[in-house]
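K.L.:
Structure below; questions to follow.
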Amino acid sequence: MRWTHRFARFAALAAVALTATIAEAKLARTGDQATVTFHALATVGGMRIDGTTNELNVSDDGTTVKLSVPLANVGTGMDLRNNHMKKALDVGTYPTADLTVARSALKLPAEGNSASGDAPGTMKIHGKEHAVTVHYAAGRSGGNITVKGSTTVSLPDYGISPPNYSGVTVKPDVTIEVSFVVKDN
């Protein structure tokens, strides 16, 4: 009888210690290998508009992973289009787009393995938050985790009127893709 009580106490202590260790583990971006891209389609002629930046901040408090993209330097390859995009997003007032995902919703792969899935998250753009589903794939090698993910947002959900210039309007749904490398500290 005593042995089972001791084992039960040991198992409970081990579970608490393991939970505390997992909760303290944090993802930290490493290197300068980040890319964030958005893809929008025009309502006329199927023209595709792509914007990209290498600026990405990753933070992890042990329970929530947050990706934050500074919007001021997102480039579309055309200065006039960049200006229209920044005006539509009101970058002076809302300088970042932020995605938060519960760490528990992510499957982090073991060394030499990969994992993928869909995770619920919250996207904040233009001062407004909406639920999104993030599709992601991650692979771990040499202690680094390479992550690729995507989601689609609807501009009107965030109080953004789809940009329109010279009769060409951007469709409201925009796909966002991200890739980066992190270490699990």
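K.L.:
Work out how much length THR64 to HIS130 would gain on full extension: take 0.36 nm times their residue separation and subtract the Cα-Cα distance, in nm to one decimal.
P.N.:
Values: separation 66, 0.36 × 66 = 23.76 nm, distance 1.61 nm.
That works out to 22.1 nm of additional length.
K.L.:
Additional query: Counting pairs of alpha carbon atoms under 8 Å apart in space and at least six apart in sequence, what relative contact order in percent does the stretch 26-184 give? Intermediate values should be presented prior to the final figure.
P.N.:
Working: 371 pairs, mean separation 40.8, N = 159.
26 percent.
K.L.:
Sticking with the crude label model, points 7 Å out along Cα→Cβ, report the distance from THR93 to ASN185 in nm, one decimal please.
P.N.:
3.5 nm
K.L.:
In units of 2.2 N^0.38 Å, what is the alpha-carbon radius of gyration of the stretch 26-184?
P.N.:
That ratio works out to 1.07.
K.L.:
Please give the length that would be gained between THR122 and LEU41 if that part of the chain were fully extended, namely 0.36 nm times their separation in residues minus their C-alpha to C-alpha distance (nm, one decimal).
P.N.:
Numbers: separation 81, 0.36 × 81 = 29.16 nm, distance 2.33 nm.
This chain segment gains 26.8 nm when fully extended.
K.L.:
On full extension of the chain, what length is gained from MET78 through GLN33, given 0.36 nm per residue of separation minus the C-alpha to C-alpha distance? Don't jump to the answer; show the numbers that get you there.
P.N.:
Details: separation 45, 0.36 × 45 = 16.20 nm, distance 2.34 nm.
Working it through step by step, the gained length comes to 13.9 nm.
Read the figures in this text as sums done on the coordinates, not as results from a lab. Note that the structure is predicted; figures quoted are calculated from it, not measured. Note that we place each Cβ from the backbone using ideal geometry, even for glycine, and neighbour counts take in every protein chain shown.
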